[in-house]
Amino acid sequence: MIYNQWYVILESKELKRNKPLRVKRINEDLALWRNEKGGVCCIADTCRHRGVSLSCGKIVSGQLECPFHGFLYNESGEVTLIPANGKNSPVPKTMKVNSFKTYEAYGFIFIWWGDEGKESKEPFFFKELAEFSYSSFKDHWNVHYSRAIENQLDVVHLPFVHKTTIGRGNKTLVNGPVVVREDELITFYVDNAVDDGNALPLKPEDIKDYEKLFHLQFHFPNIWQNFISDKIRAFAAFVPVDEENTIIYIRYYQKMINVPLLKELMNYIGKLSSIIILRQDKRVVITQLPKKSQLKGGEHLIMGDRPIVEYRKHRQELIDNSIL
Ligand code: FES
Ligand SMILES: [Fe+2]
């Protein structure tokens with residue numbers, strides 16, 4: 001995982017107003033709840049007293065009460081009350097668990113996984129999607145999140161994995177692809193073709209007017225969008241659970257139809273087709289070994305894998321820089 005980043009970890013609707021939630025994300029067991037204003041609080045889930053899961057407790061005046069002996073935690077992870085010691089007793093400063101800064105927008109909850117004070121004011125998002133409506137679903141994959149991301153950067157797999165859906169037409173020849181990275185944003189342009197046996201794939205530099213091609217974008221550390229058309233996008237957030245597990249949130253966004261009911265129907269159909277496509281990917285990707293991708297992992301990559309190479313290189317740069 002890349003340190004010092006904002007990560008999408010949940011959809012907003014998963015965290016209800018009156019009930020704490022336990023999730024494992026970024027290799028940490030987390031307790032989340034909403035304070036009195038509805039703001040998202042996130043602290044380590046293990047009680048500092050005797051190790052109980054805090055998320056099994058309840059919310060009291062916007063703070064989280066441990067279910068075992070009632071210690072009360074604020075959103076900074078500090079114990080504010082030890083009932084057995086009485087309200088008049090001070091609480092030792094060491095009575096504290098880790099806390100995580102949160103940000104909620106676009107129907108997602110983000111946490112800052114990094115050093116305090118190093119965070120940008122808000123996480124990056126594809127802001128233009130605010131004009132679209134969407135449907136969503138999530139799926140669990142038994143792989144490191146890097147494998148799930150690379151699958152969505154992989155233009156070589158389309159005619160094989162998605163032969164019956166988005167990879168129809170037997171376009172096995174992969175021209176380019178052209179990969180453009182601006183800071184943490186990678187855009188890649190796809191130009192797959194039928195192989196008539198007479199041509200070699202075009203090198204990226206030989207592809208003219210590549211901006212007009214079908215393209216996709218990935219933004220570090222974990223979000224992606226596919227420009228299906230001006231008015232339709234597929235979106236994914238790849239949420240790291242631990243070294244071998246990932247939750248993928250998929251959204252189907254569209255702004256073609258805005259009429260109630262028809263809009264919901266279209267979003268529902270979009271969601272179903274996304275589920276079918278993602279299941280085609282999952283069947284194959286969960287068999288990849290090792291479960292985590294590496295920049296120098298001994299795999300024999302080809303020209304068509306350029307988006308994956310670019311992802312691995314920049315990911316490694318970010319990891320190296322974040323631990324300096
Ligand atoms: S274990 Fe949490 S208060 Fe005792
Ligand atoms: Fe795929």
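The values are calculated or read from the model by the stated rules, or taken from the named source; none is laboratory data. The model shown is predicted, which means the values in this text are computed figures rather than measured ones. Quick reminder, even Gly has a Cβ in these numbers, built from the backbone with ideal geometry, and neighbours come from all protein chains shown. Each accessible area value is taken on the protein alone, full model and side chains, heavy atoms only, with ligands, DNA and RNA left out. Shrake-Rupley method; radii C 1.70, N 1.55, O 1.52, S 1.80 Å.
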Long-range neighbours under 8 Å by Cβ, at least six apart or interchain, first residue among the basic types (K, R) and open to solvent by less than 10 Å² (accessible area, probe 1.4 Å) within region 143-164, second in a helix (DSSP H, G or I) and within 10 Å of ligand 2 (Cβ to nearest atom): R147/V285
Of all residues making up region 65-112, the number that are within 26 Å of L15 (Cα to Cα) and either of a type in the set (S, T, N, Q) or away from ligand 1 (no atom under 16 Å from the Cβ) (or both): 19
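Could you list, in sequence order, all residues of region 61-110 that are of a type in the set (A, V, I, L, M) and either part of a loop (DSSP other than H, G, I, E, B) or more than 17 Å from E36 (Cβ to Cβ) (or both)? Before you say what the answer is, go through the steps one by one.
Step one: list which residues in region 61-110 are of a type in the set (A, V, I, L, M), which gives 64, 72, 79, 81-82, 84, 91, 95, 97, 105, 109.
Across region 61-110, the qualifying residues are V79, I82, A84, V91, M95, V97, A105, I109.
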Lone unmet requirement of (1) touching a helix residue (DSSP H, G or I) at 6+ places or on another chain (Cβ under 7 Å); (2) over 24 Å from Y249 (Cβ atoms) for V161: (2)
Residue, surrounded by the most Cβ atoms within 10 Å (Cβ to Cβ), within region 129-142, restricted to residues that are over 17 Å from the mean Cα position of the chain (by Cα) and not in a strand (DSSP E or B): F132
Residue identified as assigned by TED's automatic domain parsing to the domain that holds L278, over 24 Å from N321 (Cβ atoms) and either outside any helix (DSSP H, G or I) or out of contact with any strand residue (DSSP E or B) (no Cβ under 7 Å at 6 or more places or on another chain) (or both) among V155, V179: V155
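Being of a type outside the set (V, I, T) and open to solvent by 90 Å² or more (accessible area, probe 1.4 Å) is the filter; apply it to region 88-103 and report the residue that is nearest to T46 (Cα to Cα).
Among those residues, the one meeting the criterion is N98.
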Any hit, region 249-258, residues being within 29 Å of S12 (Cβ to Cβ), of a type in the set (A, V, I, L, M) and crowded, with 18+ Cβ neighbours inside 10 Å: yes
Residues satisfying the stated conditions in region 165-200, i.e. within 15 Å of ligand 2 (Cβ to nearest atom), open to solvent by 40 Å² or more (accessible area, probe 1.4 Å) and within 15 Å of L216 (Cα to Cα): I166
Region 278-292: number of residues that are open to solvent by less than 40 Å² (accessible area, probe 1.4 Å) and of a type in the set (V, I, T): 1
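Tell me whether region 257-264 contains one or more residues that are among the β-branched types (V, I, T) and under 22 Å from the mean Cα position of the chain (by Cα).
Within region 257-264, the first condition is being among the β-branched types (V, I, T), and the residues that meet it are 257, 259.
Restricting the remaining residues to those that are under 22 Å from the mean Cα position of the chain (by Cα) gives none.
Within region 257-264 (the criterion being among the β-branched types (V, I, T) and under 22 Å from the mean Cα position of the chain (by Cα)), the answer is no, since none of the residues qualifies.
For the condition away from ligand 1 (no atom under 16 Å from the Cβ), under 22 Å from L272 (Cα atoms) and not aliphatic (A, V, I, L, M), what is the one hit in N151, N170, N175?
The conditions single out N151.
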Qualifying residue in region 215-230 (condition: open to solvent by 50 Å² or more (accessible area, probe 1.4 Å) and in contact (Cβ under 8 Å) with a residue 24 or more places away in the chain): no
Conditions (1) open to solvent by less than 80 Å² (accessible area, probe 1.4 Å); (2) assigned to a loop (DSSP other than H, G, I, E, B); (3) modelled with pLDDT of 95 or more; number of the one not met by E119: (3)
Residue that is nearest to ligand 1 (Cβ to nearest atom), among those in region 37-46 that are over 14 Å from K16 (Cα atoms) and open to solvent by 10 Å² or more (accessible area, probe 1.4 Å): T46
